[in-house]
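First the structure, in the form of structure tokens, and then the observations on it.
What follows is calculated from the coordinates using simple rules that are stated; it is not laboratory data. Every value quoted in this text rests on a predicted model; they were computed, and no experiment measured them.
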Amino acid sequence: MLKIENLKKIYKLNKKEIIIFEDLNFKFPSKKSISIIGDSGVGKSTLLHILGTIDKPTSGIISYDDDNITKYSDKKLAAFRNKHIGFVFQFHHLLNDFNALENVMIPNMLFEKNRNKTKKKAKELLDVVGLKDRILHKPSELSGGEQQRVALARALINEPKVIFADEPSGNLDEKTSKQIHSLLFSLQKEYNASLIVVTHNQSFSKEFDLQLRLTAGKLLNLEDIDD
């Protein structure tokens, strides 16, 4: 279970403090799909990056299975992130000098010494996302949707407990977006992981098990708002 307690994030701009959010408290249920919506600029991506340990909160506690990871050293946190967290960004962030197979393999190679084992696993994942015949293509040789599929496979290579996605279809056409959405849900269930997604897409958001809204520095359950 992922839990946040009294989470706060402040940025300093021209000697002024800008509070992005504060006193966020929430228990994210395990193995569920969760969407986070909200107006532009409220800090959705910032929150997602903090939950995914890419960024750090100003104060507060982030716990995974009751283990307070905010106390981790940078080295320990990086190892935790690589092993337990998968991240899919709006911009795929693939390495242009490497082909699809190599891009998927990279996160696993950081701690798996058996290269053949990693290669086999990466091939299987690329097959799952429908890119069996494109594994040797570099990002520049793939469409936007194909690049995002590679990013999905890369996020899953270490069998993470939580998959985070930040506007995963924000730069794709409607048809391709729906394909990516469907793939996200099917992979989440297949790998028995939690899925937490930031999105502006209202119809996409409604497909999740739980819908949250970040507004005025607070994280609210939409079911509670509707009630």
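Some observations on this one:
- At q = 0.11, 0.20, 0.22, 0.26 Å⁻¹, base-10 log of I(q)/I(0) for segment 33-110 (Debye sum, equal scatterers on each alpha carbon): -0.38, -1.07, -1.17, -1.32
- Amide hydrogen neighbours beyond the local backbone of residue 215, cut-off 5 Å, H modeled: 220
- Summarising the strand pairing of the chain, around 55 percent of its internal DSSP beta bridges are antiparallel.
- Unsatisfied cross-links (Cα-Cα over 26 Å) in the set 44/120; 83/206; 31/76; 44/83; 31/121; 8/178: 44/120; 83/206; 8/178
- Gaussian network model of the chain, springs between alpha carbon atoms under 10 Å - residue of 75, 12, 32 with greatest fluctuation: 12
- Phi-derived couplings, Karplus 6.51 cos²θ - 1.76 cosθ + 1.60 at θ = phi - 60°, listed residue by residue for segment 23-38: 6, 7, 10, 6, 10, 8, x, 6, 6, 10, 9, 10, 9, 10, 10, x Hz, with x used for Gly and Pro.
- Put simply, the amide H of residue 90, placed in the peptide plane, has neighbours under 5 Å in 166, leaving out anything fewer than 5 places away on its chain.
- Rounded to the nearest 500, the 222 nm mean residue ellipticity of the chain from helices alone is -10500 deg cm²/dmol, with -39,500 (n - 2.57) taken per DSSP H run of at least 4 residues.
- For segment 1-54, the Kirkwood hydrodynamic radius comes to 12.5 Å, computed from all pairs of different C-alpha atoms.
- Stokes-Einstein D (µm²/s) once Rh is taken as the Kirkwood radius of segment 60-103 over alpha-carbon pairs, at 10 °C in 1.306 mPa s: 124
- Long-range Cα-Cα pairs in segment 120-168 (distance over 15 Å), rounded percent: 41
- Per-residue Karplus couplings for segment 56-64, computed as 6.51 cos²θ - 1.76 cosθ + 1.60 with θ equal to phi - 60°, are listed in order as 10, x, 5, 7, x, 10, 10, 10, 10 Hz, Gly and Pro entered as x.
- Taking 35, 59, 205 in turn, the Gaussian network model of the chain (Cα-Cα springs below 10 Å) assigns the largest fluctuation to 59.
- When the Gaussian network model of the chain links Cα atoms closer than 10 Å, the mean-square fluctuations of 44, 119, 76 top out at 76.
- When both segment 1-16 and segment 43-80 are represented by their alpha-carbon centers, they are found 11 Å apart.
- Computed from Cα positions, the angle between helix 100-109 and the longest principal axis of the chain comes to roughly 60 degrees.
- The per residue volume of the convex hull around the alpha-carbon atoms of segment 109-199 is 104 Å³.
- Backbone phi angles across segment 159-164, fed through the Karplus curve with coefficients 6.51, -1.76 and 1.60 (θ = phi - 60°), yield HN-Hα couplings of 6, x, 6, 10, 9, 9 Hz in residue order; Gly and Pro are listed as x.
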